[in-house]
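Trainee: Please read through the structure below; I'll follow up with questions.
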Amino acid sequence: MRMLEQEEENDDTAEVTWEDQQRINTFSKLNNRIRIIEEKLTELKDEKEALDDLSTELELADEDEPVLYKIGEAFVHMSHPRALKRLEKDQSSVDTRVGVLAAQADECETQMKELKVMLYSKFGKAINLDE
């Protein structure tokens, strides 16, 4: 951290109106939402990777042997074909959730860019919206 030089200080600070404060609050909410979405996306990518590993293991498994398949916190014995169907369903579900979250993140980023333009145009260096 450093102190601002006399020239960098903004003596003619722009007045923060109620609308400006609402925009700042909205930006903050969107920023927090993106962080949460990114955490969920990381979790889903880990889950997808685990499902891909399971797919590989099931390809190598004996089709006559029952398979232990994790559902929630419990493991259930399933036939090999049923486990494959369940795996496809789970992979599809994860892909769908990843797509939805990615779309939400894109929407938040678009709104944040619009708010940045408005706020930086009014406040300039007096506001910091970058992480």
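Trainee: Tally Lys/Arg at +1 and Asp/Glu at -1 over every other residue whose Cβ is under 11 Å from the Cβ of Leu44; what's the total?
Mentor: -3
Trainee: Counting heavy atoms of the protein chains only and a 1.4 Å probe, report the per residue accessible area for region 21-123 as a whole number of Å².
Mentor: Value for region 21-123: 70 Å² per residue.
Trainee: Rounded to a whole number, what % of the accessible area of the chain do carbon and sulfur atoms account for, probe 1.4 Å?
Mentor: C and S atoms contribute 50 percent here.
Trainee: Any idea what the relative contact order of the chain is, in percent, if you count C-alpha pairs under 8 Å spaced at least 6 apart?
Mentor: Rounded, it is 35 percent for the chain.
Trainee: Could you please report the charge total around Tyr69, scoring K, R as +1 and D, E as -1 over all other residues with beta-carbon less than 12 angstrom from its beta-carbon?
Mentor: Here the charged neighbours net out to +3.
Trainee: Same structure again: For region 21-123, with only Lys/Arg (+1) and Asp/Glu (-1) charged at the beta-carbon, what is the dipole magnitude about the Cα centre, in debye rounded to 20?
Mentor: Taking the Cα centre of region 21-123 as origin, the dipole is about 1200 debye.
Trainee: Moving on. Compute from the Cα atoms of region 21-123 the Rg and the Dmax, the latter being the longest Cα-Cα distance, and quote both in angstrom.
Mentor: 20.5, 69
Trainee: Now, a different point. Around Val76, which amide H atoms from residues at least 5 apart in sequence, or from another chain, sit under 5 Å from its own amide H, with H modelled in the peptide plane?
Mentor: Tyr69, Lys70, Ile71
The values are calculated or read from the model by the stated rules, or taken from the named source; none is laboratory data. Quick caveat: nothing in here was measured; it's all calculated off a predicted structure. So basically every Cβ, Gly included, is an ideal-geometry build from the backbone, and we count neighbours across all protein chains shown. Calculation scope for accessible area: heavy atoms of the full protein, side chains included, ligands and nucleic acids excluded. Shrake-Rupley method; radii C 1.70, N 1.55, O 1.52, S 1.80 Å.
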